[in-house]
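Written below as structure tokens is the structure these notes are about.
Each reported figure results from applying straightforward, stated rules to the coordinates on display, with no laboratory input. No experiment lies behind these values; they were computed from the predicted model shown. Positions of Cβ are generated from backbone atoms using ideal geometry, with glycine treated the same way; all protein chains shown enter the neighbour counts.
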Amino acid sequence: MPEVTLLTTGRLDGFDTPNRMVMAPMTRSRASAAGVPSELAIEYYAQRASAGLIITEGTAPSAAGSGYPRTPSIYSPEQIAAWRPITDAVHARGGHMFLQIMHVGRIGHAANRVTDARLVAPSAIRAAGQMWTDSLGLQDNDIPRALDTREIPGVVAEYAQATRHALAAGFDGVELHSASGYLPMQFLSTGSNHRTDVYGGNLQNRLRFVLETLEAMIEAAGSASRVGIKISPAIPFNDIQDDDPAETYSALARAISPMGLAYLHVMRSATLPDVFETLRPLFHGPFLAGGGFGLESGTAALAAGLADFIVFGKLFVSNPDLPARFARRAALADPDLSTFYTPGPKGYIDYPALDNAASSEAEPHRVSRRPEAEPR
Ligand SMILES: Cc1cc2nc3c(=O)[nH]c(=O)nc-3n(C[C@H](O)[C@H](O)[C@H](O)COP(=O)(O)O)c2cc1C
């Protein structure tokens, strides 16, 4: 059998993919203050439809789950309706798309929220760090209140509702954002989960919120193969800390393996460099590896059997036709960090695709810099 490369066809959730390249979930802050995706997002995602799979920017399942400025949500009819032309445009170009469901938990500021409700978290521990607000500039994260045990089924139900809404809006599936220090990771991690009920204390209890949420999402989707999960073991982003990430995430991978999920998506970190080697044998399903990959390293990871798909973030921002560029070994454009989160089309839909007439040799080859942007 020929070796699997980034350009080998693949299969996910009952559909064929033209390659093994996944577009990473990336917050781009172009939605309205009320969480309605912008019309610009239609063009933005359609431009990137040649990815084997697009995972959207983190999208809040409820007003309570939103904490950043101009990030989209999927709880109101207007929000759901605004996602429809986006999925239609991607499907019209032969692409596939999962919605990333992101509840911020303790990460957020009142000035960014459309609700007066306080942030909620496993425990009432403020996350160190600041976030941007359009009205007040940089602000400390608010202090969250601890969720009461009886409230937790309601939060889980928000994820199920968002799953139903996503499928109604035409998405092929949904991804649980259990990475980057947001609510599910806050439950998983010893630093942010000091609970003494069945959702905290020991490892099994810390896994409970994520497992119950996945079960609820699977039931809402009608099939586990429409539900994926993203994790980022040992990445300290958003002041998250766990005493033993290898143990926590090995237990999680083992627990979710029998569920039949669409995939496990793992973002690697320098602090746990062998995370793919550790987790891949524990999860019997499609394995997506992300974090700083390029053409060479992605090709090598597939050849080594470390993953089934490679996830690319920043490179997809600045190279909408990334698979075509890799196929031709063409030059790569560098992303402009200053427009990652700014409103409007600049730095969003104005990165050109390669001119079909231009030969790759005619372009100076620039090695893409790897800016240390904030992962979310
Ligand atoms: C602008 C930007 C926004 C991001 N937003 C999200 C997000 O909403 N959800 C998420 O899971 N990861 C988010 N991330 C992390 C990416 O999904 C990815 O894991 C990270 O960029 C590493 O991949 P890369 O080195 O290929 O860019 C974001 C990254 C960037 C650069």
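Extending 7 Å from Cα along the Cβ direction at His91 and again at Gln204 yields two label points whose distance is 4.3 nm.
The calculated 222 nm mean residue ellipticity attributable to helices in the chain amounts to -8000 deg cm²/dmol, summing -39500 (n - 2.57) over DSSP H runs of n ≥ 4 and dividing by all residues. The alpha carbon convex hull volume per residue for region 95-171 rounds to 125 Å³. For the chain, modelled as a GNM with alpha-carbon contacts under 10 angstrom, which of Ala92, Ala169, Ala160 fluctuates the most? Highest fluctuation among the options: Ala92.
For region 1-89, the relative contact order works out to 30 percent when only alpha carbon pairs closer than 8 Å and six or more residues apart are counted.
Neighbour counting of Cβ atoms within 10 Å sorts the residues Val317, Val174, fewest neighbours leading, into Val317, Val174.
Once Rg and the Kirkwood radius are both taken over the C-alpha atoms of region 1-157, their ratio Rg/Rh works out to 1.05. Compute the signed sum of charges (Lys and Arg +1, Asp and Glu -1) over the other residues within less than 14 Å, Cβ to Cβ, of Leu6. My count for the surroundings of Leu6 gives 0. Treating each Cα of the chain as an identical point scatterer and summing with the Debye formula, the log10 of I(q)/I(0) at q = 0.07, 0.09 Å⁻¹ comes to -0.28, -0.46.
The residues Ser223, Ser50, Ser135, Ser66, when put in order of fewest to most other Cβ atoms within 10 Å, stand as Ser135, Ser223, Ser50, Ser66. Please find the FRET efficiency linking Arg126 to Leu40, where r is the Cβ-Cβ separation and R0 is fixed at 35 Å, and quote it to the nearest 0.05. E(calc), rounded to 0.05, equals 0.55. Mean-square fluctuations from a GNM of the chain, with a 10 angstrom spring cutoff on Cα atoms, peak among Gly14, Gly65, Gly108 at Gly14.
In terms of other Cβ atoms within 10 Å, Thr196, Thr299, Thr213, Thr87 run from fewest to most in the order Thr196, Thr299, Thr87, Thr213. When the chain is treated as a Gaussian network with alpha carbon springs shorter than 10 Å, the biggest mean-square fluctuation among Thr163, Thr71, Thr339 belongs to Thr339. The Kirkwood radius of region 226-330, taken over pairs of alpha-carbon atoms, gives through the Stokes-Einstein law at 4 °C and 1.567 mPa s a diffusion coefficient of 89 µm² s⁻¹.
Taking 0.36 nm per residue of separation and subtracting the Cα-Cα distance, full extension of the segment from Glu215 to Ser297 would add 26.1 nm. Annotation: Cα Rg of region 17-82 relative to the compact-globule expectation 2.2 N^0.38 Å equals 1.16. Available extension along the chain between Asp350 and Ser135 is 74.7 nm, counting 0.36 nm per residue and deducting the alpha carbon span. Each of Leu147, Tyr159, Gly129 was placed along the dipole of region 115-159 (beta-carbon charges, centred on the mean Cα), and the one lying farthest toward the positive end is Leu147.
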